[in-house]
Amino acid sequence: MKYLVFIILFAQAFYSRSQQVELIKKFKTGSYIYSSPLLTQNNTIVFAGHDKSVYFFNDKGELINKHKTKGWIHSSPEQLSDGSIVVGSYDKHIYIFNEKGEFLKKIKPGGRVFSKVLELPNRTIVFGSNKKGLIFYNLETDSSYAFKTKRLPHTDLSLTKDGNILTGSLGKYVYSVNIKAEEVNKFKTKAWVLHSKPTVLNNGNILVGSYDKNLYLLDNSLKEIKRFKTKGKIHGSPLVLSDKSIIIGDFKGYVYFLTENLEQQYLFKTDDKVVASPVLLSDGTVVVCSNDDYVYFLSPKADLITKYKLGAGIFSTPIVLADNTVVVGSNDKNIYFLKLRK
């Protein structure tokens, strides 16, 4: 038995050493990076940071444009159906660019912008704000209306199968709101729903994490089906794989590999908080970023393939390019382009 264990450990160590992470590019920004990057339809990479700047890169990691706002940027950029890029700032404006990073216009819909912008039909966008909750803004008419949440809505938004908007709040609620800003349903948790985006599954059910240390599975009407208890607070959003399995991290540094019924299959431990959401390479490799400064590359069974150390903790969820390059921002104020090599 001891010999078998030795063989297994040796094989894992050899496998890990046989795959190394190559630093393709590193770009220094002016401050911390909390928002997550965007990969556009034409492979432009858009980053925003607490240095009040929006950065535009090509897929080789070369800076092609930069724009300065007047406030921190905590929300993530998004691309609208017309190809334009929108990102909200703490200066209470939403900035609009083309894919080359050329500034088109800015709007002031009210309040600091906390969430990524979600596009609705008829040129309407909706986002979370510190003033009125969810703000609905029509880009054609410059008119707006709002849905008031209990305390701040500080998650990215998603759409249910029937077109309602989902958000979480610091008031411990998950809300379902229709396009007229009318409450459809809500679900009460025992702590903040902060940054963990309500994730809609193919069958219409919804996954969302809370600071009460639970990952909730809800039906379309926000009635609880099941919950999974984690060891730490949940800040990131769940990653759902093609086989319907689920991966989520917590503030204790654990990464949980769950079945679609929220039963634990595998477990991986980092040395600090896992704030960012996990992402997936095309070969099934799971990428997890931790506040312990490491980017981890894991197998679908939570085995460590290899890891790469950045200069500080990681808050921002990475993106994966078509060639499996991982692009991630760190609180060492750098943007990294990393590639797993065999």
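The values are calculated or read from the model by the stated rules, or taken from the named source; none is laboratory data. This is a predicted model, so every value here is computed, not measured. Counting neighbours? That spans all protein chains shown, and the Cβs are built from the backbone with ideal geometry, glycine included.
One table, with the values for the structure above:
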| read-out | value |
| --- | --- |
| Any chance Thr270 is more than 20 Å from Val46 (Cα to Cα), touching a helix residue (DSSP H, G or I) at 6+ places or on another chain (Cβ under 8 Å) and hydroxyl-bearing (Ser, Thr, Tyr) | no |
| Residue in region 57-71 that is surrounded by the fewest Cβ atoms within 10 Å (Cβ to Cβ), counting only those that are in contact (Cβ under 8 Å) with a residue 40 or more places away in the chain and in contact with a Lys or Arg (Cβ under 7 Å, 6 or more places away or on another chain) | Gly71 |
| Count of residues meeting criterion [touching a residue at least 40 places away in the same chain (Cβ under 8 Å), in contact with an Asp or Glu (Cβ under 7 Å, 6 or more places away or on another chain) and under 17 Å from Ser81 (Cα atoms)] in region 91-146 | 3 |
| Residue check for Lys52: surrounded by fewer than 13 Cβ atoms within 10 Å (Cβ to Cβ) and in contact (Cβ under 8 Å) with a residue 24 or more places away in the chain | no |
| Members of region 167-217 found to be under 22 Å from Ile125 (Cβ atoms) and of a type in the set (Asp, Glu), listed by number | Glu182, Glu183 |
| Identity of the residue in region 324-341, touching a residue at least 40 places away in the same chain (Cβ under 8 Å) and of a type in the set (D, E, K, R), that ends up surrounded by the fewest Cβ atoms within 10 Å (Cβ to Cβ) | Arg341 |
| Filter result (buried (at least 18 other Cβ atoms within 10 Å of the Cβ) and part of a loop (DSSP other than H, G, I, E, B)) within region 171-180 | Lys172 |
| Options Lys307, Lys333: the member that is touching a strand residue (DSSP E or B) at 6+ places or on another chain (Cβ under 7 Å) and more than 23 Å from Thr40 (Cα to Cα) | Lys307 |
| Residue satisfying condition, being over 23 Å from Thr270 (Cα atoms), surrounded by fewer than 23 Cβ atoms within 10 Å (Cβ to Cβ) and under 17 Å from the mean Cα position of the chain (by Cα), within set Val184, Val240, Val200 | Val200 |
| Residue under evaluation Phe315, criteria (1) of a type in the set (Phe, Trp, Tyr); (2) free of Cβ contacts under 8 Å to residues at least 40 places away in the same chain; (3) not in a strand (DSSP E or B), criterion not met | (2) |
| Selection count where residues are more than 23 Å from the chain's Cα centre (by Cα) and in a loop (DSSP other than H, G, I, E, B), scope region 145-161 | 1 |
| Condition met for Ala302 (under 23 Å from Glu62 (Cα atoms) and either modelled with pLDDT of 95 or more or assigned to a strand (DSSP E or B) (or both)) | no |
| Those residues of region 313-342 which are farther than 24 Å from Leu267 by Cα and hydrophobic (A, V, I, L, M, F, W, C), in sequence order | Leu321, Ala322, Val327, Ile335, Phe337, Leu338 |
| Residue identified as farther than 26 Å from Val117 by Cβ and aromatic (Phe, Trp, Tyr) among Phe187, Phe228 | Phe228 |
| Count - residues of region 253-293 that are outside any loop (DSSP other than H, G, I, E, B) and not charged (D, E, K, R) | 16 |
| Out of Tyr336, Tyr296, sole residue that is assigned to a strand (DSSP E or B), within 26 Å of Leu63 (Cβ to Cβ), in contact with a Lys or Arg (Cβ under 8 Å, 6 or more places away or on another chain) and not hydrophobic (A, V, I, L, M, F, W, C) | Tyr336 |
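Okay, residues lined up against (1) crowded, with 16+ Cβ neighbours inside 10 Å; (2) more than 17 Å from the chain's Cα centre (by Cα); (3) at pLDDT below 95:
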residue: Tyr211; (1), (2), (3): yes, no, no
residue: Arg227; (1), (2), (3): yes, yes, no
residue: Val255; (1), (2), (3): yes, no, no
residue: Thr259; (1), (2), (3): no, yes, no
residue: Leu267; (1), (2), (3): no, yes, no
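The rows are residues; the columns are (1) modelled with pLDDT of 95 or more; (2) small (Gly, Ala, Ser); (3) buried (at least 19 other Cβ atoms within 10 Å of the Cβ); (4) within 22 Å of Leu134 (Cα to Cα).
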| site | (1), (2), (3), (4) |
| --- | --- |
| Lys28 | yes, no, no, no |
| Leu39 | yes, no, no, no |
| Pro77 | yes, no, yes, yes |
| Ser84 | yes, yes, no, yes |
| Gly101 | yes, yes, no, no |
